Protein chains: 2
Amino acid sequence: MACTVQLVARPKDPAVRTQLIERAAAMLRAREPITLRSLVAGTGVSTMAVYTHFEGMDGLWQALRQEGFTRLGARFATVAETPDPIRDLTALCAAYLDHALTHPDLYRVMFDASVDLEDLPAADATLEQLVQAARRCRDAGRFRADVVPLDLAIQSWTIGHGLASLVATGPLPPETLDHGPFLLHALFTACGDDPHGCRVSVEQGWRRPAPDDERSRPA
Amino acid sequence: MACTVQLVARPKDPAVRTQLIERAAAMLRAREPITLRSLVAGTGVSTMAVYTHFEGMDGLWQALRQEGFTRLGARFATVAETPDPIRDLTALCAAYLDHALTHPDLYRVMFDASVDLEDLPAADATLEQLVQAARRCRDAGRFRADVVPLDLAIQSWTIGHGLASLVATGPLPPETLDHGPFLLHALFTACGDDPHGCRVSVEQGWRRPAPDDERSRPA
DNA sequence: CGCTGAACATAGCAGCGTTATGGCATGTAC
DNA sequence: GTACATGCCATAACGCTGCTATGTTCAGCG
């Protein structure tokens with residue numbers, strides 16, 4: 001209809017957006033409280049920039065949540081694919097826990113109370129990587145044929161998130177993570193994997209430091 | 001030394017304290033934002049009461065967290081002990097999930113970012129009930145003798161908290177909880193229980209509505 | 001070149017948790 | 001029986017929060 005009108009405007013600088021997100025992530029890492037004014041202080045921009053780029057603080061938190069899932073996805077991508085899919089699935093779970101514990105504050109933001117439906121695609125993309133690994137496990141014949149990859153992915157996620165959450169934001173000490181291999185081994189053998197081969201796969205997949213790239217960023 | 005002085009004072013009314021945390025719990029259930037002024041509005045007391053009883057809002061949140069663990073403990077107490085300890089342990093996990101999903105907001109408060117060391121005893125008391133159930137499982141000969149009750153309790157908690165957290169504050173739908181029996185069965189058989197008997201025990205323990213007493217409290 | 005309209009800066013607003021101040025009820029001491 | 005000390009609680013103010021209203025600047029098109 002009247003959509004022939006060509007609107008012109010001063011383009012918003014995408015560098016400001018990433019600058020704000022990175023500064024917010026840095027403040028999160030430094031455990032400084034993130035407030036609108038403290039966020040823009042130091043940068044040249046004013047408080048209004050947060051509104052043009054994120055439509056308020058809620059939008060900033062949401063962007064931070066997305067950033068967390070993006071970094072988790074990048075972390076997953078560093079897990080090299082091996083001929084042993086169970087080892088790979090275990091490595092993904094280990095990477096999940098490593099991500100959660102090297103960035104506990106970002107992890108808290110990812111799962112805090114105000115999860116919006118906007119965030120579901122990001123979470124789904126993360127889950128999808130687990131699903132594919134689970135599918136490879138089944139297709140490789142390690143599991144019974146009736147194992148549903150999505151179910152196994154959710155079950156793996158449950159274990160990973162339970163451990164990460166109880167340690168990162170909860171009352172249990174970091175050693176709790178050592179229960180990971182046992183729980184995953186129990187899950188995988190319940191899906192039909194041979195106990196002995198499973199133990200080897202899980203142990204191989206679990207020890208995978210694969211250092212996170214965010215650990216020493218210049219302040 | 002100079003402690004011979006006998007201090008006298010007007011006693012603080014404990015009814016005010018319980019009134020405030022019950023009102024806060026009610027507001028939490030109603031999904032109303034809890035603010036200092038909105039909390040005391042309607043009650044006869046003023047904002048200062050929050051400071052005399054809780055030393056500020058942080059103290060109120062902490063009291064609310066304790067209340068959550070207390071109610072969880074009461075919910076656990078309703079799980080009757082049967083001759084089948086694995087059924088009982090499963091029932092405790094089911095009660096945990098039921099508690100988390102009938103009071104999702106309270107559950108969020110229990111595990112939110114600002115967990116204080118003051119809250120650890122409450123969490124430990126909760127865990128202890130799982131530990132005792134796990135010990136009964138092992139002592140009944142259902143598990144291998146080398147199973148450590150504390151480890152099994154933590155592992156059960158991990159599964160329960162992972163499911164509860166992903167559903168109550170996370171991106172997964174309530175049907176996700178149906179993975180509970182499978183995960184617990186995998187865990188218990190990994191500890192040495194007979195697969196068939198374990199399936200029966202878990203199924204019996206899982207279906208246990210045992211309605212929560214907080215569902216219809218007069219406003 | 002002038003116009004349009006979005007991006008950004010500044011200033012002010014309502015609301016938040018917190019704190020200073022003062023009245024008043026309460027339990028002890030004389 | 002009365003006077004006093006003590007600390008609960010109400011009132012008012014403070015600094016801070018996220019947010020919005022208003023004005024200015026500047027990129028892109030006719």
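The values are calculated or read from the model by the stated rules, or taken from the named source; none is laboratory data. All values derive from a computational prediction rather than experimental measurement. Note that each Cβ is placed from the backbone with ideal geometry, even for glycine, and that neighbours are counted across all protein chains shown.
Side notes on the structure shown:
- Condition met for A:Arg108 (of a type in the set (D, E, K, R), in a helix (DSSP H, G or I) and crowded, with 19+ Cβ neighbours inside 10 Å): no
- Residue selected from the stretch B:158-174 under the condition of a type in the set (A, V, I, L, M, F, W, C) and either in a loop (DSSP other than H, G, I, E, B) or free of Cβ contacts under 8 Å to residues at least 60 places away in the same chain (or both), by the criterion nearest to A:Phe111 (Cα to Cα): B:Leu166
- Subset of the stretch A:43-92 [away from DNA strand C (no atom under 16 Å from the Cβ) and part of a loop (DSSP other than H, G, I, E, B)]: A:Thr78, A:Val79, A:Ala80, A:Glu81, A:Thr82, A:Pro83, A:Asp84
- Filtering the stretch B:11-42 to residues that are away from DNA strand C (no atom under 11 Å from the Cβ), of a type in the set (Gly, Ala, Ser) and in a loop (DSSP other than H, G, I, E, B) leaves B:Ala30, B:Gly42.
- Out of B:Ala74, B:Ala49, one residue alone is out of contact with any Leu (no Cβ under 6 Å at 6 or more places or on another chain), modelled with pLDDT under 95, closer than 11 Å to B:Leu20 by Cα and among the small types (Gly, Ala, Ser). It is B:Ala49.
- Qualifying residue in the stretch A:128-147 (condition: facing chain B (nearest Cβ under 10 Å) and aliphatic (A, V, I, L, M)): no
- Test: A:Gly44 is among the small types (Gly, Ala, Ser), surrounded by fewer than 12 Cβ atoms within 10 Å (Cβ to Cβ) and modelled with pLDDT under 95: yes
- Residue check, A:Ala123 without any contact (Cβ under 8 Å) to a residue 12 or more places away in the chain and small (Gly, Ala, Ser): no
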